[in-house]
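Novice: I am attaching a structure below and will ask some questions about it afterwards.
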Amino acid sequence: MLGLKTDWVLEPEPRDYALADYEGCQAKWCPGCGDHSVLNAVQRLCRDERLPPEQTVFVSGIGCSSRFPHYMKTYGFHGLHGRALPVASGIRARRPDLNIFVATGDGDCCSIGTAHWIHALRYNMKMVVMMFDNNIYGLTKKQTSPTTRRGRRTNTHPDGAFLSPMNPITVSLGVPNASFIAQTVDWNPPHLYATLREAFHHPGFAFVRVMQRCPHFTGDNFELFQTDPSKILLMTHPDGVPVDDALIRTFTTRVEHDPADRMNAFNHAMREDVLPIGLFYRDEEAEHYDSYTREGLDTTPAEKVEAMDKLLDLYCV
Amino acid sequence: MTRQTRLPAPWRFYLGLDQPEPSTDWYAEALVTPARPEHLWRRFPLIDNGDGKPVPLPRVLFDALDKLEAEGAPARIIAAHRFHFLKAAASRGAGFQSDETFTAFEAMLDLSDAGREELSHEWERLKPFLPLSGHLLQPDHTLPLWLYRESLNARFSERRTAWCAELKHLADRLLDILRVEDGKQPRDAETLNAVLGKPGELFDTEAMATILSVPKGTPTMSAERRRRIADTLSVLAEFLQNPVKDLILCHRESLPCLADHPMQTASDGFQRAAEIFSGRVERLNRVFRAVRAARLELHGDYLPERHDLLLARFDWRDCTEDERFQLPQILVVERAEYLKGEHLGRFAALTASGLPLRVLLLRDAIELPDPNLGHIDIASVARACRGTFVTQTSTARPMHMLHGWNHMLEAIGPAVMVAAVPPDNCDTPLLLLEAALMSRATPLFHDDPNAGAHQAERFSLDGNPDPEAALAGDPPVTPADALSLLPRARHHFLPVTEEEPATAPLPQVLSSDNEDALPVIQALNEDETSRRVYIDGTVAGWCAALAADWRILQEQAGIDNPHAQRAAREAREEAQAELSQKEQEWKQRLEDIRDEAGREAMTRLARGLLDLEPDSLLPAARPLPSPTSPEAAEEPAEEVEPKPSPQAEPEEENYSEEPYINSAMCTSCDECTNLNSLMFKYNGDGQAYIADATRGTFEQLVSAAESCPAHIIHPGEPRPDDATATPEVLQRAAALP
C-alpha cells in the first residue's frame, strides 16, 4: 500500500514509535537555527502521542520554517506563500481523521497570509499551527517582515525598519471564536514541548507563536532574553501550559494568568518590557467549523449521484 | 369528664394586618410559630401575568418599593402602610391594575390634604414598577386548575403552533405538485380560450390545441399517486381547520371551571376519559400518517409496496417528540373522597391503562379517615401502578404544584396529582394548609417513573419543611394541632383538668418515648395562659397512621433508611476493627524498632569505648554501603565522628571536572555534532550529550560551548594529557557563562 510500511498493513496492537520513524530528510537549516529545536520537539511529541505517520500531515507555506514537512517522515504539503492554512482547513474538512500540523512563519502568516490566518482562527478547525517568528525574512536573505522590530536594519530598510511591529498575539486575541493562543521560545525545549503538547490536545485551532532565533540574520534579536531569564515572563495557571516545578524555578519573573481571562491576556500580550510565554487564552467551548464540514463524509459516489438526480428531478416539469 | 362539643374558632389570619386578631379564647400553641404572619402572608395572593410564572403579590410590591428607594425617591407613606395597601389590592381581586385600589387604600388612611397630595405623587411614581394587569390567585381549590392551564399554555401552545405551521407548509407544497401536474394535462380549446380570451379571428384555438396537446417527454403522475396526494391533503386540511382539542372532565358542576377551556361534566370521568382519548387520538393518528406520507411524496420517495404497510401500522405511540405535544390532554378532576367502590376500581384501571391521561384529585388538607373505610392513602393507590407519574402537592406551595404540572404534562403514561386544598368554609386556609404540611398530614412528593429505575432516583420529598424530621416546627406541629383549627372537629378535643392522670405531649407519644401517657396538645387562652387539651382515640390513631406513612416516605426518599443505616453501621465496625488491627501492628513494630535501635546504640557506644571492629561485635548493625561511594563502607568507624563525611568533597570535585551537557535544554541545532560527531551525539530524544569526552579535545569542547545557542555545554577541566588546553583556550573556557 502506498505510503505504508509493509509490516503496518496488518497490526492488531497499537504501535510504538521511535524518533527515527518521524525523521525525514536531513534538515537543511543553518546550524544553530531555532527551527531545529521545534523540529525535535514535534518529533518527540509525535512519538509520545503515538501518532501513526500515515495519519499525520504537515502543511506549510513558504519560508525557512516552511521546509518543515520535508523533514518529517509523514504526509506533507509544501504549499504556496501564505496559503498553508486554507490547505490545512481543506484537509481537516474532509479528512478529520488526520492529525494536522501547520508550519508557517512570520512573513508567511502575518503578511501575505493574514486574511487566511484571521479566518482560520475564526473557523476554529482542529489543528496545531506553529508560527515560527524570527522577526525577519530569512529565506530571501534578511528583509523586513511584519514582526521586525523598529529600527532593525535590513536589506529592504537599510536605515532601520520605521514601522512598529505587528503583535500576532494581540491580533489573534481580537479574532472572535479564537480558542487557543500560546507563545513559547525555541531555546527552552521543555516549555516548547509542553506548549505544543497542550496545543495538540486542544479540540480546536491551536495557535502557537514560537519565538525563534535566526543566528545568521538576527543573531542578537533574543540575546537579552537568553542571557537574562528575568526578562521572560512565565505565565502559570492550573489551566495553562503544565510546567514542572523544576522548570518554573528557572524563571524568576512569573505571573498567575487564567487562560479564560481574555482581557488580562491582552494586557500581558501588550507588554514590551518582558517576553511573556505560556498560554494566553483558551476556550474549549468555541464553535468548530469542521463539525459542519464533516457531514456526509460516509456518502458513496453512487449515493451522491443518486441524490443529485433526485434533486434535479424535483425541477422536472 | 364532660366532652366539650363545640370550641370557639381559633384566631383568624387576615392579610394586611400587622397583628393577628384573636377572636377566640384558645388556640393550639404549636401553631404560634408557623402561624407567624410574616411566614405566611408573603406567599399569597399570587398574581399571574399570563407568563406561566405566578409570583406573590406582596413580593411584587416590596420589590417595587425597594427599587424606588434605590432610585432615591422612596414612597414613604405607602411603605409605612404597605399592609393596608396589600389588603386594598387583594380584597378587590384586581391587584394593582386600577386606581380603585389606590382609592380604597387612601380611604383607609386619615391623611391631611398635603398628605393626600404626597400620596398621589408616590402612587404615580410607584405605578411603573407594578404589573398593571394580572389575575389574583388564592390558595383555594381553583388554584390547581389555573396552574394547569398556565403550564399547558407555556409548554404546548408554541409547539403546537409551530407544528401547525409545518403542516400548512407541507400542504402548500403538495398543492404545488398538483398544480404542476395539472399544467401537464392536454390543453384543449376551452383551456386555450380561457387563457387567450374569446376565439378570435387571429387564433384558431382548436388548431392550436392539437399542436399543444401534450409536451413531449414530460413524465406525468400516476393516478394512484395523485389520489394518494389528494387524500393526504384532505387529512391535513381537515386537521388545520379543526385541530384536536384538549378537555377537562368534571364529575360535578360545582367543581372549579376555567372559562376559556373546554370542559364537560361526566359522572364516570375515569372511563369516559379513556374513550374520549381513544377517539381523538385515532383522528390524530391519521394526521401523523399523512405528515409522513406528505414528506415522502415531496421527495418522491414514496414506495407503495413498502410505505403503505408501514404507515398503516403507525400510531401515536411511535410519534416524535414534537408530535407528542399534539396529543390531546384529557384531564379528569375529582374529589378524593369520591373515590370509593367502583370508582376506585375505574381509577385504578385508568392508571394501569398506559394512556397519557391526567387526573387531578382534590382532597381536604386535613380530614379524619372515614370510619367505614379506614385510613386510605389515595396517592399510594395511584403509586401502586409503577408506570404512573404521581405527585402529591398542596395549594400552599404553588411552585411545587406548577413543577408537578410541568412533569405531568410531559409524562408519557398516566399522571395523577393529589392536591391538598383548604376545606370549604375554612376561615384560616393558609394556616390550615401550612399546619397540614408541617404535621405531615399532606406531605409533598413527586414519584416520576421516567426519572430512573431506582426508587431513590424517581421519588423525591423536595419542598417539605424540614424533611429529615418526623414533624416540622419548633415546637413540632402535629396533625392534631392542625385538626383543632376545624370547627367541625372540635368534639375530638377536651381540656385537661387538674385531677387527670399522667399526660405527655403528642410528639413524645408519637415517637414512642412515652407510650403509656395520655397524649395532649398545648393550647393558649385568650390571655395567653397555657392550657393542655386531650385528644381522643380517633385522632391519636390517625396521627399515628400519618406518622407511619411519613416514615415510609422518608425511607423511600433515602432519608432515615434502615437498610442504609445497617450497612453503614457494619462498614463502620469493619473499618474500626481494621484500624485497631493496624494500630496493634504498628505498636508492635514500633517496639521492635526501639529495641533494635537500643541495641545498635549500645553496640556503637561499646565500639567507640573499646575501639573494636564492628564486624566482630554485631554483624547485623553494619550500615549498608552507599551506591555512589563504595569506599565509604570500608571505613564505617569514622561515621561516628561528628565531622563532615570525607568522601563528599572529592565526589563534588570529580563532578565539576567532567564535561557535561544539560541535555534537557538542548535545541538539537547540530552545532556541536557538526563539530565532532564522535564526542557529541544525540540521545533517544534527539538531544545532545557527551558520548565520549576522550574522542575529542578540550579546545573542541570550548568551541562547542561557545557556539551552543542554548549555552548548555560545560567543558569542565582539561585532561592532563590534552595538549590543546593552552592558556588562551583556558581563558576562553573561563569566560563562558
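Each reported figure results from applying straightforward, stated rules to the coordinates on display, with no laboratory input. Everything quoted here is computed from the prediction, not taken from an experiment. When we count neighbours, we look across all protein chains shown, and the Cβ atoms used for this are built from the backbone with ideal geometry, even at glycine.
Novice: With a cap of 14 neighbouring Cβ atoms within 10 Å, and only residues DSSP puts in a loop, list the trypsin sites (Lys or Arg not before Pro) found in segment B:41-78.
Specialist: Those that pass, being in a loop and sparsely packed, are B:Arg42.
Novice: Tell me the net charge near A:Thr236. Cut-off is 15 Å between Cβ atoms, A:Thr236 excluded, with +1 for each Lys or Arg and -1 for each Asp or Glu.
Specialist: Neighbourhood net charge equals -4.
Novice: By count of other Cβ within 10 Å, fewest leading, how are B:His251, A:His116, B:His375 ordered?
Specialist: With the fewest neighbours first, B:His251, A:His116, B:His375 line up as B:His375, B:His251, A:His116.
Novice: What are the residues whose amide H is under 5 Å from the amide H of A:Met127, where those residues sit 5 or more places off or on another chain and H is modelled from the backbone?
Specialist: When sequence neighbours closer than 5 places are left aside, the close amide H contacts are A:Phe205, A:Ala206.
Novice: Among A:Leu297, A:Thr250, A:Met235, which residue has its Cα furthest toward the positive end of the charge dipole of the protein assembly as shown, with +1 on Lys/Arg Cβ and -1 on Asp/Glu Cβ?
Specialist: Towards the positive end, the residue furthest out is A:Leu297.
Novice: Continuing with this model, one more query. Between B:Ile412 and B:Val180, 0.36 nm times their residue separation minus their Cα-Cα distance comes to what?
Specialist: Contour length minus the Cα-Cα distance gives 79.3 nm.
Novice: If you don't mind, there's one more thing I want to ask. Between beta-carbons, use under 13 Å as the cut-off and find the net charge around A:Leu314, counting Lys and Arg +1, Asp and Glu -1. Please list the in-between numbers first.
Specialist: Working: positive: A:Lys310, B:Arg173; negative: A:Asp309, A:Asp313, B:Asp176, B:Glu297, B:Asp301.
Cβ neighbours under 13 Å give a net charge of -3.
Novice: Shifting gears a bit: For peptide A:28-37, how many partner chain Cβ atoms fall within 10 Å of a residue's Cβ, on average?
Specialist: Working: counts 0, 2, 3, 9, 9, 5, 4, 3, 8, 9.
Counting other chains' Cβ atoms within 10 Å and averaging over A:28-37 gives 5.
Novice: Could you pull out every residue, at least 5 positions away or on a different chain, whose amide H is within less than 5 Å of the one on B:Lys681? Hs are placed 1.01 Å off N in the peptide plane, and Pro or chain starts have none.
Specialist: Here B:Tyr689, B:Ala691 satisfy the definition.
Novice: Check cross-link reach from A:Lys142 to the lysines: straight Cα distance under 23 Å, and skip same-chain residues fewer than eight apart.
Specialist: A:Lys142 reaches A:Lys28.
Novice: Can you tell me which of A:Met263, A:Met131, A:Met235 moves the most in a GNM of chain A? Springs connect C-alpha atoms under 10 Å apart.
Specialist: Comparing A:Met263, A:Met131, A:Met235 in the GNM, the peak value goes to A:Met263.
Novice: Subtracting the Cα-Cα distance from 0.36 nm times the residue separation, let me have the gained length for B:Leu579 to B:Arg227 in nm, one decimal.
Specialist: On the way: separation 352, 0.36 × 352 = 126.72 nm, distance 8.31 nm.
Extending this stretch completely gives an extra 118.4 nm.
Novice: I'd like the FRET efficiency for B:Ser267 and B:Arg566, computed as 1/(1 + (r/R0)^6) with the beta carbon distance as r and R0 of 41 Å, rounded to 0.05.
Specialist: E(calc), rounded to 0.05, equals 0.20.
Novice: While we're looking at this one, here's another question. With each pseudo-label sitting 7 Å past Cα toward Cβ, what's the A:Thr252-A:Asp273 distance in nm, one decimal?
Specialist: Between A:Thr252 and A:Asp273, the label points sit 1.5 nm apart.
Novice: Report, as an integer, the average count of C-beta atoms from other chains found within 10 Å of each Cβ along B:139-148.
Specialist: Values: counts 0, 0, 0, 0, 0, 0, 0, 0, 0, 0.
Mean shielding by partner chains, rounded to a whole number: 0.
Novice: What is the fewest-to-most order of A:Met270, B:Met401 by other Cβ atoms lying within 10 Å of their Cβ?
Specialist: Ascending number of Cβ neighbours within 10 Å: A:Met270, B:Met401.
Novice: What value, in deg cm²/dmol to 500, does the helix sum -39500 (n - 2.57) over DSSP H runs of n ≥ 4 give at 222 nm once divided by the residues of chain A?
Specialist: Counting only the DSSP helices, I get -8000 deg cm²/dmol.
Novice: Let me ask something additional. Among B:Phe239, B:Val418, B:Pro262, which residue has its Cα positioned farthest towards the positive end of the charge dipole of the protein assembly as shown, with +1 placed on the Cβ of Lys and Arg, -1 on the Cβ of Asp and Glu, and the dipole taken about the Cα centre?
Specialist: So the residue furthest toward the plus end is B:Phe239.
Novice: In addition: How high is the FRET efficiency from B:His375 to B:Asp462, r the C-beta distance, R0 25 Å, rounded to 0.05?
Specialist: The pair B:His375/B:Asp462 has a calculated efficiency of 0.50.
Novice: Can you tell me, using C-alpha contacts under 8 Å and at least 6 residues apart, the relative contact order of segment A:70-129 as a whole percent?
Specialist: Reported as a whole number, the value is 41 percent.
Novice: Further question on the same structure: Roughly how many debye, to the nearest 20, is the charge dipole of segment A:13-288 about its Cα centre, given +1 on each Lys and Arg Cβ, -1 on each Asp and Glu Cβ, and no other charges?
Specialist: The dipole of segment A:13-288 has a size of about 920 debye.
Novice: Hey, another quick one. With each pseudo-label sitting 7 Å past Cα toward Cβ, what's the A:Asp16-A:Ala260 distance in nm, one decimal?
Specialist: 3.9 nm
Novice: What residue among A:Ala269, B:Ala601, B:His711 has its Cα farthest toward the positive end of the dipole of the protein assembly as shown, where the charges are +1 on Lys, Arg and -1 on Asp, Glu, each on the Cβ?
Specialist: Sorting the options by dipole projection puts first A:Ala269.
Novice: In addition: For every other residue with a beta carbon closer than 12 angstrom to the beta carbon of B:Leu730, add +1 if it is Lys or Arg and -1 if Asp or Glu, then tell me the sum. Don't skip to the end; give the middle numbers.
Specialist: On the way: positive: B:Arg732; negative: B:Glu699, B:Glu717, B:Asp722, B:Glu728.
So the environment of B:Leu730 carries a net charge of -3.
Novice: Quickly work out the A:Thr114-to-B:Leu736 label distance, labels modelled 7 Å from Cα along the C-beta direction, and quote it in nm with one decimal.
Specialist: Distance between the two pseudo-spin positions: 4.5 nm.
Novice: For the protein assembly as shown, what is the charge dipole size about the Cα centre, in debye to the nearest 20, if Lys and Arg each add +1 at the Cβ and Asp and Glu each add -1 at the Cβ?
Specialist: Dipole magnitude for the protein assembly as shown comes out near 4400 debye.
Novice: Could you please rank B:Leu327, B:Leu61, B:Leu111, placing first whichever residue has the fewest other Cβ atoms within 10 Å of its Cβ?
Specialist: B:Leu111, B:Leu327, B:Leu61
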